[in-house]
Structures are given as C-alpha cells and as structure tokens.
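J.: So that we are looking at the same thing, I have put the structure below in structure tokens.
The values are calculated or read from the model by the stated rules, or taken from the named source; none is laboratory data. This structure is a prediction, so every number in the text was calculated from the model and none was measured. In this analysis, Cβ positions are derived from the backbone assuming ideal geometry, glycine residues included, and neighbour counts consider all displayed protein chains. For the accessible areas, the whole protein counts, side chains as well, though only heavy atoms, and no ligand, DNA or RNA atoms are used. Shrake-Rupley method; radii C 1.70, N 1.55, O 1.52, S 1.80 Å.
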Amino acid sequence: MNNNTIKIEIENSIDKTESDDKSDDNIEKIDFVNIDNPHNGERITEMEMSPNEKYLVTYSEDDHSIFGWSIEDEGPPKPKFFDKLNFEDCKSLHQIIISDDKKLAYFNNYEYLEIYDINRKQKIKLDCGDNYNCHCYTFNLEGDFILHEAKDNIIYIYSTQTTKNNKWNCKRMYKIPVDFNIINISKYNKLYLFSNNSIFEHNLITKKSLRIIKNDEKIKSISYSKKIRISSNKELIYVKINNKVVVYSIKFEIPFASLDINNDTQLHNFICRTRLISLLIPLLSGSIIEELWQIKSLPDKIRTTTKYVFGIQGGHILKIKHEDILAKMDLKFEIPKIPDEIIDHCWYFDNKNPNKTIEDWYFEDAFKTSKETYKTNDFSNIHFINAYMEIIHALFQDMDYIKNEVTLGQKLIAWNIKTDKEIIELNVCRVKTRKKDKTRYIIYNLICKRVENINADQYIFGIKALNNNDIILLTTKGLFIYHFNENSKSISLNYYYYMKINISHDSNREISNKDDIINQLKNYKNKFLESTLPLSDYHSLKHYDKWVSYIKDDKERLLKYGVELLTFAIEEHNLDLIEDIYKKCMNYFEKDLKNNRMFLSIIASTMPLLNKYYPDYISRYSSETTMITDSSFYNIEYTNNNNLHLHSYFQYPQIINLTRSIWWCKYRTLMSEFGDNYKIMYLMLITIQILIILPFLFIYIAILCILLIYYYIIKVKEEIFNYTMTTPTIIFMNPYIKFVNYPQEYNWFWELIKPKSSPFVETISKDIYKTWNGEALINFKWNNYGKYYYTLIWIGYMAFLGCFTIAATISQQYISDDTQNRLLIASIILGFIHLSFEIRQFIYDPIKWIHNFWNIFDLKFLLFFRVFESFGIYFAIMISVGKQIASFLVVLFIIIISFAHTFYILLSPKFDFSFKNNTNNDDPNNPWNIASAYYQVFEGGTVNRSQYMIQLPDGNTNMFVDFGTALFAMYLFLTGDSSALSKWTYKDNPSLVILIVLFSLLIVVYLMNLLIGLLNNAIEKDNNKTSYLVQKAEILAEIELLYLLPHQRRWHTWFPEVIYYYADADKVRQEIKEMLSKGEWNTDEFCELKQDLLNQLKIHHNPVDETTLKNILEEIRDLRSRLPPVES
C-alpha cells in the first residue's frame, strides 16, 4: 500500500454462510485520500464543493492553506490547485464556498466577508453593500454570487463573469420584509425564509413563493442556528426542524413525509426506497450515520453530490459512492411465522443446479432469527419521487417478449411473475438460504400474490426490479409499477400509463409481430425522457378501472392525479366517482388545514367542466368553503385601517425588487470608500453637492413644512376626536386555489393569437361570486392590474372616439384640411388597434362573441361605465333580462308574423294596380279606392257624388300591399297605432273585426302584460351585487386574455395559487347572522372550524337543535296524515 492511499477493510453486515465467509465480495473499501501531503500533514477544518460539483475545496486552519480537488471523474479526488492565504485577516476562516471558476468566499477572523480569486491570486471587492453584516451567501449554478446583507435585509446578486477594478458588478437587488428571517440560500436561486412559525421558499427567477411548513412547535430564535436546516434540489425540499425531517414536494406543494431522526429504521428504509442520499444525509447524525459509513468515528463535516458522499475524518477526505451505501442498507422488517396453510407455497433451489427443484420440506428453522427485528414503516406512497427513471430508460432499451415464468431475486424479497393466457400473476416471496447435506438451497416462501388481467392481448416485454419492494412491468397494455407493502402483506399498483399497441396473431394464437410491437413500445420512450414520470392520461383511466380506484383511495395518488381523475369522472358522467373525489378532497383538507390545502385545487381546477355539466357542485363548494382558513383556529387582529374589508394580501413574503436602486447603492458605496481613503477630496465633493442643492433649498423647506403641518394636523385630530379607531379584522383563505393560474408551458406566438385560458376565465358562474370569496377574488384582480389596464383601454378608446368625432362633425370652417386629415389618420390607426382586439376576441371564442349583446349594438362608450357598481348593476340587469326574455320575444315575433301574414292575405289588392295611373275597379283593397277623396258641396248642402279631388295613394295608403309593411303595421298596432286598419269599414268586414279583436286580446293584452311580469321577475332576480361581480369578472377575463402579455399572465404576484383576504369582524358577524336567518350557513364541512369562528364572534347557534326540531315537525305531520279521521 502506498503512502497516498489508506484502505480500510470493513466486514459487510449481511449474513453470510460458512462457504462465503472468506469471499472478497463482502469487503467494502473506503478511501482516505492524502495526495502529496496537501496541507503539510495538518488537519482539514473546512470543506465545501462548487455548485456544479466540479471542485471540492479543503481548508486547514493550522497552516492557512486552501487545496482544491477535482471530483468530476470517478476514483479518488485529483488535486487541481493550491493556495496559501497569508493575509493578516485570514488566520481563521469559516463558512467557505467555492465557485466552478475557482472563486473563494469566506468569513475571515474579523467576521468580514472576503472573496479571493485563486486564479489571479487577488482579492475581489463588491460594488454594492456592506461586507460586515453578511451571514448567508452562495454561488448559484450559473456562477453568480448571491449575498444576504443582514443589516438592511437585502439580497444582492453579483455577476462574477465581468470584473472591473477587481470588483464584481451587482446586477439585481431584492428587499426582504422585516418580519422574515433568512435561513438559507440555495444554488437553485431560491431563498428559504422564516416568519410566524412558518418556513417559506421564494424563487428569485420565477418570483414564486411557497409556504413549505407551518410548524406547530414554537421556534423562538432561528438566526442561523441549527434548529432549522434545509437541503433541496429542483423537485424536493428536506427540512430538519428539531428532531424531525419533513420532505416537501415542490411540484405538488405538499409535505408528503415526516421522518424522526431518532428512528434509525425509518430513516434506513426511507433512504433505500427513495435513493435520495444526497439530500437526507447532510441533515442526519448519530447511529444512522455510523451505519451508513460503517465506521465508529463519525466525519466532522459531510458534503454530498449526486453520486458521492464526502466527509472529513482524521484530517483527511473520505469518499464513498451512493450505491455502496445503499448496498449496505438491508431493509429491516418483522418476519412472520409460516402458517401451515402456506407451506405448500415454499420451494427450494439447489445453488449448484438452479434449474433443479428439490422436493425437501425441511424448513423447521428456516425463518428463525436471533437478532432483533423492526417493523418497517411503509413508504409505498412516495409518488413525488422518481428515483428510477434511469432504470425505466434502460427498460425501453432491453425489451424482449417474455413468455415464460420469471423470478427476480433480491437479498430478502423475490418477485415471481407468471403469464398464462394473457393473465399476469405476481408473487412476492421471502428469500432465505438453507444448507443441507453440503448443498445450499434457496427457499422462496410466498407472502402474497396478485392476478392482473386488464383484458385480452396483454403480453410482457420487459421486467425490471427497482428494489426489494418495487418492480416495473412493460406490457402491451402499458407501463406498470407495483409495490409490495410489508405491513399489509399486499401488492399495490403505484403507477400505470396506457400504451396503445397493435398486436397480430398467427393461426396458433401466438404473437406474429414481436419486432413491430417492440418498435411501437419504443415510440413511447419519449414520454419518459423527463426526470419525472408522465401523468396518467384519460386513456389510462379509461382502460383500467382498478387504477381509478387506486388513485381515489390513496392520498398521495389523489393529489398527483386528482385533476385528471376528476376530469375523467365528469366527462364520463360518473356521479359516484365525482362525489367520492369531492368528499375525499374536502376531508383531506379538513384533517390537515395547514398542509393539505392543495387538495382543494383539484376541485377548483376542474370548475369549468363542473360548471358545464354539474353546476350544483360549484354552488355546494362555494357554500361549504365560505369563511374558512388554513389554520386550525381563527385569529382576530386589530388594525388602524378601516378599508381592509375584502381586500386581499399575501401571506407569503413580498420580496421587493430594488434593481432600479443599484446605481444609488453603488454611489453610496463609492462615496463611503472615497471618504475612508481620500477625506479631503470627500469633503470637497460634499461641499460642491451642498452648493448645488442650496438654490433649491427653499423648495425643500416649503415641502418639508407642508408635510410637517399635515402630520401634526392629523396627529391633533387623532388625539382630539379619537380618529384612530381600531378595526377588528379576520383573515380568511380563498378556497379557489390555482383557480386563476395559467398553464406554465406556452408558445409566445400562439398565445398572442389564441391564448390558453385559466379556470377563472372559463368559469363565469354566479355561484362563485355570491359569497365573499368571489368578491375578494375580483377585488384582488382589480386592484392589482385590472383598474390600470381598464383606464388605459378607456383612454385609448376616448382618443379614437374624440379624433373621429372632431374630424367628422366639426365644419371645415373651424378646422383646416390638414388638421382634419391628421385626425382621420389618427382615428384610422386607433380604430385598427381597437379592431385588432375585437378580431382576437372573435378568434378566441366566435360563438361567445356573437352571443355578446354589446358586440351586436357596439355601444362601447356606454360599456365603460359598467365597471362602476352604480352603473354596472343596471348593465347587468339589461343583459340578463335580455337573455331571459329572448325566447319569449321570439315566440311573440312569430305570432306577430302570423297575424301580419293573415292580414296580408285578407287586405292585399286582388288585382294589379299602379301608383302612377288611377286604376278604377271594384277591389276594396285597391289603394286608389281607399285613398282619401274630396267631394264638391253646393250651397244648398247637396253633395256631388263624383269625386272632385283625390289624394294620390302611396305605400302607406294600404300597408298590406307588401308583406314587409304589413309586418310593420302589426308592430304599430301593437304600440297602439291602429291607423293602418282604419281604411276599411268594420261593419262591412267582419273577418277584419275578428282578427283585430283576437290580436288585441292575445298580443296587446295577454302577451304584453305577461312580458311585463317576466321583466319584473327578471329585474328582481338580477338586481343584486352578484350580477355586477359576474360582469366585472368578464371584464377582467377579457383584459387577461387580450391585453396582458403571455409572460404577464404567469406572474405569481398577479396570479398567485393561494389568496388570503381581510374581513371586518363586525361585518362578518352581521353576514353570518343573515346567513343563519336564511338557512344559508353551511356546516356540512369544517364543522369545528366554523364553530370556532362562531365562538370568536360570540354568536350562539346550535344547528343540532334546529335540525332536530325540523325532523320532529316532519314526523308529527307524517303521523297526523296517517291517522284516521275522527268521527264526530
């Protein structure tokens, strides 16, 4: 053995027989690397690795040396660079970090942050901020330096690529709220913050914030202590709080596992199931670490990569592969006694001849053990971790038709798979070795089995064992992942993805297109190229009923596939499944209000379909979730703001972007350095600044005086009139989680033409906005962006209308031709802009655009007033009433047409005539015969019977000459003008009289009064705030789709997943009392939570007694109806 490597042989803990005690296969080799005596033999005190796992840097406090190792390749770390820090302030370094381009950051012995460029052998300064109050910093994957300055609670992000005058340039700044403390900064550009006993994650790139944990245990002080430690990657977050580790899924936003760090067996099994050593090991300590490392003396520091674990021990580097650690981790579980009834399921194999079955029933001590055993906590429901994607990728590469029986053996568990007539049988067996007559036997004892038969034509083309408890099957019906549950001794389906494969058979019912099937299966390989398993689609749910049951009955599965499953249930009109999913989502949330709120997103995300097919569920959800919160109790807070009612706020940290203030920060830093180094010149610059400001000093003084006067007036007013009355407020959670979010994957070009929508846009339902939740949602959107965009749209339309009106109305004697032409050009440009939005709206939904009442009449100017509640209610009434009576008006119009046609037949001329030439005939309907005629009257009073003068007839003389004018004559008659029918004598035309009577009674009297009654009912129905809010929601939906840019629709500040809002406690009390009096206070769900709200508000309500009384009354009425009549 050379001097550079020390090899320690450690005996494997796996049980061995006598025959293999001396085998070299059971020896683990752990390398302690000590190449070329890097620190002069001194102990290593600090160790850290670069973000992309390129370098590992070690520091020795004894000789102040830095040594860098390349850890990209397999094998021992290779020395890459060396430096000795001989600075006066570098006698003791701690919290060192290294970048991929050899930039070193550390705290020196004066608690100052120093940055050292190892390549250039010089220190680097920062052009912003203070190097003293920095407690948290890191390099991200892109090489930027992220720094937290504790004094002002500001995050600085520096670019390390461009260095000018040995300074890094600050490119972004963020302000953290005062009541949030930073815990850690991740290399994935994420901040981990603590506030109000909760831990939050904030993504600096996407601006998205998550509440990871709301801890029940009060943590008084967390300032950089070891009480909270976090380890994370892009998909998972491991949080250690005191003696537990909580595992949180970033994608599904739920903590799905809680581990006790003192329970070694639980940790043991979790690591083996998930394969995530790199995240969990840095948070652990104690005996579990001793077991993993297989050494008694623990490493001083531990750092992990995706493949290796590094530690410092005895002044040297210790390195071990993850696979080596996992190989040592035998799952511990309780081995049950073998019942007599399953003895027949034991079989033995000769290790010398594995194909020979030995019929030997010697198993008396086969499963006896002297060592202590533990019962495993089952982690079958870890659906948020996909640690086996590489195995799945390999499965698609090694496909082949598997016809015979297959047994995949592990150290303790073996899977036996049989196929017979398209039926797949899975057997899980206990594996044990026995030796008899110098022959070693492998014993398989059946624990449980499962028979799988989706339908005919199912054949296996690939099998891979993931670990002792999981197995993958690739069949012609899809990809299956099964899990063996050690506690329940059962096999469950953990994952299924449907694949449509065409199969051909020969005359013997054997597969004839094996190669084609393999090619078809390989076409699905692209579905599994991502780092996570694809979600089960509609076809997976359609073709396998058991998979539907597994999803519905499992908490984690339901959260992962719940939206797809509920969508499937609605489209299949499966009411039982819809009801089950709805109840389970509500129950899961009620059981853990703090962490299970994402179950409500399953219902909220499918509301467009529910609104289309089952709107009663929206009404039910709105009623059951009114005035709820994600805490186990309500808290009444007192504020000085009286205008917070139904105004939303963020419970998450509001990180403020201060990037625009970078130049001011740089100026302050520069002036500070200038004052320290050049005091005389600094004083001269200050003097020059004062001289520049002096001429404007009186303006500053005047503004200051005005502000002071205003301040003292308000102060005096508060003291005299007690103006600052505190208002009690309650914080509620809006249950419409992920209701306003748009799909994150989108195409910029197609989003401008036909954008993807959100559930909010697709679901315009009164049931949502009849409660405070809907109103608070509208207020949030309106106050964040709606009112600003609406104002800009209104201004743009007014400019278009003004330009066109001035150019078209004002005479040329008042404006010149040039001015008029410019106004017309401006109106054309603005008109085309306005038209482009109308075209986009038409493309998005042509049917909705056509059905829109206002698009038909194009009264755009009036429409802008509908956003104000005083106007909007009337607009809502007009639109809603018009929709409700539309069918009635159609019926009325048809009846009028029928009467018009009847009068047209009766009163139209029988013979041809001309309006130009007098046509004399006996036709009573001839316009010339019914036109007004004048006769000559003599002095004696006699009248000349010959017409003296006649008024020329026209189209209005007999309006029944044409069917169009006949229809208009009926409309005039409907309004009370019967002049069109007065040209005929009623005595000579009895049929005309009958028709007039029928028309007046049926249309004028009956139908018109019926229409008035319908209008009255419709107005009463829609004369409320709900109709106005629905109309405002439509305005906001139009703004989002047509006026916001695609990336703006993905801003988490405008479109958060969870919204909270304030409510005035006095108004809450009043509202609840009104709901109680109307019987609208729903306590079917969240009974305890709502009872706590009633207790907080001192409202006495006993729903049990009221229900009992109602039931008693119903029973009394029923009994009285059954009693025989009493004889007198």
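J.: Just wondering, is there one or more residues in the range 751-762 that are touching a Ser or Thr at 6+ places or on another chain (Cβ under 7 Å), at pLDDT 90 or above, surrounded by 18 or more Cβ atoms within 10 Å (Cβ to Cβ) and closer than 29 Å to K1067 by Cα?
T.: Filtering the range 751-762 down to residues touching a Ser or Thr at 6+ places or on another chain (Cβ under 7 Å) leaves 759.
This time we only want the ones that are at pLDDT 90 or above, so: 759.
Of the ones still in play, those that are also surrounded by 18 or more Cβ atoms within 10 Å (Cβ to Cβ) are 759.
From the residues that got through so far, the ones that are closer than 29 Å to K1067 by Cα too are none.
No; the residues of the range 751-762 include none that is touching a Ser or Thr at 6+ places or on another chain (Cβ under 7 Å), at pLDDT 90 or above, surrounded by 18 or more Cβ atoms within 10 Å (Cβ to Cβ) and closer than 29 Å to K1067 by Cα.
J.: When the residues of the range 94-117 are narrowed to those that are in a loop (DSSP other than H, G, I, E, B) and either hydroxyl-bearing (S, T, Y) or modelled with pLDDT of 85 or more (or both), which ends up most open to solvent (accessible area, probe 1.4 Å)? Steps first, please.
T.: Taking the range 94-117 first, the residues in a loop (DSSP other than H, G, I, E, B) are 99-102, 108-112.
From what is left, the residues that are either hydroxyl-bearing (S, T, Y) or modelled with pLDDT of 85 or more (or both) are 99-102, 110, 112.
Details: S99: 2, D100: 35, D101: 49, K102: 42, Y110: 125, Y112: 101 Å².
Going through the qualifying residues, I end up with Y110.
J.: I'd like to know if the range 415-430 contains one or more residues that are basic (K, R), modelled with pLDDT of 80 or more, under 30 Å from N513 (Cα atoms) and open to solvent by less than 50 Å² (accessible area, probe 1.4 Å).
T.: The initial filter retains those residues of the range 415-430 that are basic (K, R), namely 418, 421, 430.
From what is left, the residues that are modelled with pLDDT of 80 or more are 418, 430.
Narrowing the set further to residues that are under 30 Å from N513 (Cα atoms) leaves 418.
Filter again for open to solvent by less than 50 Å² (accessible area, probe 1.4 Å), leaving none.
Within the range 415-430, none of the residues are basic (K, R), modelled with pLDDT of 80 or more, under 30 Å from N513 (Cα atoms) and open to solvent by less than 50 Å² (accessible area, probe 1.4 Å).
J.: Could you pull out every one of the helices (runs of 4 or more DSSP H) wholly within the range 242-303 that has 3 or more residues that are modelled with pLDDT under 80 and within 27 Å of the chain's Cα centre (by Cα)?
T.: Values: elements: 264-274, 277-280, 287-293.
Of the helices (runs of 4 or more DSSP H) lying wholly inside the range 242-303, none has at least 3 residues that are modelled with pLDDT under 80 and within 27 Å of the chain's Cα centre (by Cα).
J.: Please go through the range 642-657 and pick out each residue that is assigned to a loop (DSSP other than H, G, I, E, B), open to solvent by 20 Å² or more (accessible area, probe 1.4 Å), touching a strand residue (DSSP E or B) at 6+ places or on another chain (Cβ under 7 Å) and more than 19 Å from E201 (Cα to Cα).
T.: Within the range 642-657, the subset assigned to a loop (DSSP other than H, G, I, E, B) is 642-647, 650-655.
Remaining after also requiring open to solvent by 20 Å² or more (accessible area, probe 1.4 Å): 642-645, 647, 650-652, 654-655.
Retained after the next criterion (residues that are touching a strand residue (DSSP E or B) at 6+ places or on another chain (Cβ under 7 Å)): 642, 644-645, 647, 651-652, 655.
Residues satisfying the conditions are N642, L644, H645, H647.
J.: Return yes when S540 is open to solvent by less than 30 Å² (accessible area, probe 1.4 Å) and touching a residue at least 40 places away in the same chain (Cβ under 8 Å) and no when it is not. Reasoning before the result, please.
T.: Details: open to solvent by less than 30 Å² (accessible area, probe 1.4 Å): yes; touching a residue at least 40 places away in the same chain (Cβ under 8 Å): yes.
Answer is yes for this residue.
J.: Give L998, L992, L967, L1002 a once-over and let me know the one that is farther than 24 Å from D923 by Cβ, open to solvent by less than 80 Å² (accessible area, probe 1.4 Å) and out of contact with any Lys or Arg (no Cβ under 6 Å at 6 or more places or on another chain). Don't jump to the end; show me each part of the working.
T.: Numbers: L998 fails: open to solvent by less than 80 Å² (accessible area, probe 1.4 Å); L992 fails: farther than 24 Å from D923 by Cβ; L967 fails: farther than 24 Å from D923 by Cβ.
Among L998, L992, L967, L1002, only L1002 is farther than 24 Å from D923 by Cβ, open to solvent by less than 80 Å² (accessible area, probe 1.4 Å) and out of contact with any Lys or Arg (no Cβ under 6 Å at 6 or more places or on another chain).
J.: Another one. Looking only at the range 606-620, decide whether some residue is of a type in the set (V, I, T), over 21 Å from Y496 (Cβ atoms) and surrounded by fewer than 21 Cβ atoms within 10 Å (Cβ to Cβ).
T.: Yes, there is a match, as at least one residue in the range 606-620 is of a type in the set (V, I, T), over 21 Å from Y496 (Cβ atoms) and surrounded by fewer than 21 Cβ atoms within 10 Å (Cβ to Cβ).
J.: Additional query: With the structure loaded, tell me whether Q841 is open to solvent by less than 40 Å² (accessible area, probe 1.4 Å), at pLDDT 75 or above and not β-branched (V, I, T) or whether it fails that test.
T.: So Q841 passes the test.
J.: Run L521 past the list (1) closer than 30 Å to F270 by Cα; (2) touching a Gly at 6+ places or on another chain (Cβ under 9 Å); (3) open to solvent by less than 30 Å² (accessible area, probe 1.4 Å) and report the number of the one that doesn't hold.
T.: (1)
J.: Condition (residue is assigned to a strand (DSSP E or B), over 17 Å from N404 (Cα atoms), open to solvent by 20 Å² or more (accessible area, probe 1.4 Å) and charged (D, E, K, R)) applied to the range 453-465: is it met by at least one residue?
T.: No, that holds for no residue.
J.: Next question. Given the conditions (1) closer than 15 Å to F960 by Cβ; (2) in contact (Cβ under 8 Å) with a residue 12 or more places away in the chain, report the number of the one that I905 does not fulfil.
T.: Only one criterion in (1) closer than 15 Å to F960 by Cβ; (2) in contact (Cβ under 8 Å) with a residue 12 or more places away in the chain is unmet by I905, namely (2).
J.: Looking at (1) open to solvent by 50 Å² or more (accessible area, probe 1.4 Å); (2) in contact with a Cys (Cβ under 8 Å, 6 or more places away or on another chain), find the lone condition where I806 falls short.
T.: Going through the list (1) open to solvent by 50 Å² or more (accessible area, probe 1.4 Å); (2) in contact with a Cys (Cβ under 8 Å, 6 or more places away or on another chain), I806 breaks only (2).
J.: Which condition number in (1) modelled with pLDDT of 85 or more; (2) under 23 Å from the mean Cα position of the chain (by Cα) is the one that Y524 fails?
T.: Just one mismatch for Y524, condition (2).
J.: Report the residue count in the range 674-693 for those that are open to solvent by 100 Å² or more (accessible area, probe 1.4 Å), among the hydrophobic types (A, V, I, L, M, F, W, C) and more than 54 Å from the chain's Cα centre (by Cα).
T.: Residues flagged as open to solvent by 100 Å² or more (accessible area, probe 1.4 Å), among the hydrophobic types (A, V, I, L, M, F, W, C) and more than 54 Å from the chain's Cα centre (by Cα) within the range 674-693 amount to 5.
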